[in-house]
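Below: one structure, written as structure tokens.
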Amino acid sequence: TLDKVRKSLITLSFPFLLCFFSGSIYEMFGNECCLSTGEVIKVIGFKINKLIASTCENNEVSPFSAKVELPLNFPGLYKVVADKTPYVSVEEITKKVSIGPTRFGHPCFYSTEDIKLGNFTVNRGEQITFNSVEEVGGTVAVNCGVVRNNQSRSFTLPLSQEGKFYECEDEQIYTLKEIAEWKIPKCRKRIVKLSNTLHTWDCSNPLPENFGGCLVLMPVYEVQAVMKFRKDIVHILSDLDVEVKDITDCYDIGSFLQPLSLEDVFERTSKEFPMVAEIMEGPSGSQKPYNLLHTGKEIVIYKKYQATRVLASEIRSDSPKRHFLIPLSYKGKFKRRPREFPTAYDLEIARSEKEQLHVVATKAFDSPHKELFSVSVGDQFLVQQCQTSEVFYEGRKKVIDVLACEQILSDTYKKVLLPMYMEGGFVEVIHDKKQHQLSGICKEFRLPFNVKVSVRDLSVDEDVLAAVPGLQLEEEITDSYLLVSSPSGLVESWEIPVYRLNMSVHLLSKDVQAVVPPATKAMVEEISEEQYYMVRRYENQTLHPPPRPPKKPS
């Protein structure tokens with residue numbers, strides 16, 4: 001049966017061919033499909049279709065917990081609990097755990113014993129990152145790495161390496177979809193903990209209202225296949241009651257279409273572009289250009305590249321907020337809005353050499369040192385610079401970090417020092433009445449930066465940013481894109497994100513008529529809250545966060 005095939009997938013490699021011994025009629029996504037006796041399908045993968053979840057306490061399943069069905073787009077961000085069952089060899093890890101080139105495909109393990117590799121020893125308990133599986137000189141091995149004294153050391157482990165390998169604790173957060181695709185080992189369950197609270201709890205939520213945040217996930221798989229006379233990908237639940245036979249060795253596998261994800265296309269060399277492709281599965285969504293990328297449509301993929309976006313969030317006190325990725329080519333104009341600063345330390349971070357920061361205090365602060373200034377609500381300051389100052393504390397001199405400012409009085413200025421640890425509240429006073437382009441803001445000012453659209457982007461039919469009362473431009477990010485257009489001679493091409501768009505294509509043996517793409521249309525992309533946290537999470541991995549504000553002397 002298909003489920004037996006799925007359970008044997010650790011011994012199979014994709015793609016392979018199956019012949020149906022008994023036919024079946026099944027329904028998938030509301031469509032009735034027929035699989036005839038003798039029909040041949042090319043299996044290109046097994047994919048988790050949904051998850052069966054049970055609540056648990058202390059990482060143990062309760063025998064009385066009810067099982068609920070969760071779709072992969074179920075909201076929330078989750079932490080993965082390390083599996084307590086060890087793997088007995090490197091080969092078992094490679095067969096059961098997803099290891100790949102993307103940011104999700106680098107699992108970490110530790111061995112309970114030292115591993116001696118020539119002149120290098122991996123210590124027991126040391127975190128080993130599995131980066132990729134490669135064949136070198138006819139021998140398959142895993143490229144691994146450890147970090148010692150902030151230095152990365154690379155090495156390879158043969159598949160034959162035995163021992164007890166345990167998963168390391170993972171501090172990252174994931175959506176259920178990411179967990180299903182990358183973090184559930186084959187033939188194992190996965191325990192996860194909810195990292196953030198769900199915003200709403202209504203009768204449509206399948207989880208109990210007193211849900212404690214811990215779930216055991218058991219995947220339900222579907223077979224992904226292509227048929228000889230269909231141009232779309234067929235999805236068949238693996239528990240469908242049919243008999244099949246593996247005929248890979250006696251059939252021409254090249255006669256079937258080869259579906260590619262956007263990640264597969266992006267991994268091709270730059271020399272292979274441009275290329276013509278037909279969409280096998282189009283993305284959902286009514287936003288342009290996604291509404292133009294429907295199943296069966298031909299597209300030209302001109303090139304792959306990294307592009308800059310500005311991550312922005314709606315300014316509002318309640319949640320959820322809307323989040324956007326804005327291209328630097330956005331043609332609307334912005335006016336500044338006041339920023340809020342919770343501490344004196346935040347004033348130092350926001351300070352710029354190009355203009356003096358003018359703020360009003362919104363919260364009083366009584367200084368414990370006579371050398372430093374006590375703030376009243378309504379006090380106005382011009383922020384100068386960070387420096388150190390001597391203060392007397394318990395009869396001793398002590399040097400602390402302070403922020404030098406000028407207090408604005410009715411007819412003069414007074415030099416004052418604010419302790420950097422001061423937890424107060426400040427609002428920026430805006431003197432700049434100019435209208436700014438996005439690219440200019442990124443060059444002239446430090447992010448985060450508060451703005452409102454003053455002139456909408458007239459090059460698009462609907463500017464989604466124009467209706468937002470206020471935006472905080474948070475940071476510049478770099479993301480992967482493909483440049484595509486229609487081969488029918490349209491006057492524009494679009495950038496489509498590689499990692500946020502579910503879309504499958506197959507390549508066509510057609511020449512590209514125009515090697516130079518039409519004018520590029522970079523759209524403002526509205527992203528979900530989960531996608532927002534994913535973008536910030538991976539962008540911030542490459543940045544060194546600023547130090548915490550100094551603590552108030554105890």
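The values are calculated or read from the model by the stated rules, or taken from the named source; none is laboratory data. Everything quoted here is computed from the prediction, not taken from an experiment. Because the Cβ atoms are built from the backbone with ideal geometry, glycine has one as well, and the counts that use them run over all protein chains shown. Ligands, DNA and RNA are excluded from the accessible area calculation, which covers all protein heavy atoms including side chains. Shrake-Rupley method; radii C 1.70, N 1.55, O 1.52, S 1.80 Å.
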Exercise. Once a ≥ b ≥ c are taken as the square roots of the eigenvalues of the Cα gyration tensor of segment 83-168, is the result rounded (a/c under 1.5), prolate (a/b larger than b/c) or oblate (a/b not larger than b/c)?
Worked result: rounded
Seminar exercise, completed: With all protein chains in place and a 1.4 Å probe, D366 shows an accessible area in Å² (nearest 10) of 130
Exercise. ³J(HN,Hα) across segment 70-84 via Karplus (A = 6.51, B = -1.76, C = 1.60, θ = phi - 60°), whole Hz, x for Gly/Pro?
Worked result: 10, x, 5, 8, 4, x, x, 10, 10, 9, 8, 8, 4, 5, 7
Problem set entry | Shape category assigned to segment 407-513 from the gyration tensor of Cα positions, a/c cut at 1.5 | prolate
Exercise. Can you give me the relative contact order of segment 83-168 as a percent, contacts being Cα pairs under 8 Å and 6 or more apart?
Worked result: 37
Exercise. Restricting to lysine pairs 8 or more places apart or on different chains, what number in segment 347-428 have Cα atoms under 19 Å apart?
Worked result: 4
Exercise. What is the distance in Å between the Cα centres of segment 254-331 and segment 363-381?
Worked result: 52
Seminar exercise, completed: HN-Hα couplings for segment 350-365 via Karplus (6.51, -1.76, 1.60; θ = phi - 60°), in whole Hz with x for Gly/Pro, come out as 7, 4, 10, 6, 7, 8, 7, 7, 10, 10, 10, 6, 10, 8, 7, 8
Problem set entry | Subset of K50/K95; K42/K95; K50/K96; K96/K304 violating a 27 Å alpha-carbon distance limit | K96/K304
Exercise. Among the GluC sites (Glu not before Pro) within segment 415-471, which fall in a DSSP loop and have no more than 16 other Cβ atoms within 10 Å of their own Cβ?
Worked result: E462
Exercise. Long-range amide H contacts for K50: which residues qualify at under 5 Å (H placed 1.01 Å from N, peptide plane, sequence gap of 5 or more or a different chain)?
Worked result: V220
Exercise. Given H placed 1.01 Å from N in the peptide plane, which residues other than close sequence neighbours of K164 have an amide H under 5 Å from its amide H?
Worked result: T112, E113
For this session: Treating only the Cβ atoms of Lys and Arg (+1) and Asp and Glu (-1) as charged, compute the dipole magnitude of segment 400-494 about its Cα centre; round to the nearest 20 debye.
Result: 400
Problem set entry | Per DSSP, loop chymotrypsin sites (Phe, Trp or Tyr not before Pro) in segment 300-348 with at most 10 further Cβ within 10 Å | none
Exercise. If one puts a single equal scatterer on every Cα of segment 347-428 and applies the Debye formula without solvent, what log₁₀ I(q)/I(0) results at q = 0.11, 0.13, 0.21 Å⁻¹?
Worked result: -0.28, -0.39, -0.99
Problem set entry | Environment charge at T121 (Cβ cut-off 13 Å; Lys +1, Arg +1, Asp -1, Glu -1) | +1
Seminar exercise, completed: In whole angstrom, the spacing between the Cα centers of segment 87-139 and segment 140-200 equals 11
Exercise. Residue by residue through segment 105-116, which ³J(HN,Hα) values in whole Hz follow from phi under the Karplus form 6.51 cos²θ - 1.76 cosθ + 1.60 (θ = phi - 60°), with glycine and proline marked x?
Worked result: x, 10, x, 10, 9, 9, 9, 7, 10, 4, 10, 9
For this session: Filter the cross-link list K303/K333; K183/K245; K84/K164 down to pairs whose alpha-carbon distance in this structure exceeds 19 Å.
Result: K303/K333; K183/K245
Seminar exercise, completed: Given backbone amide H placed at 1.01 Å from N, residues whose amide H is under 5 Å from that of D170, ignoring those fewer than 5 places away on the same chain, are A82
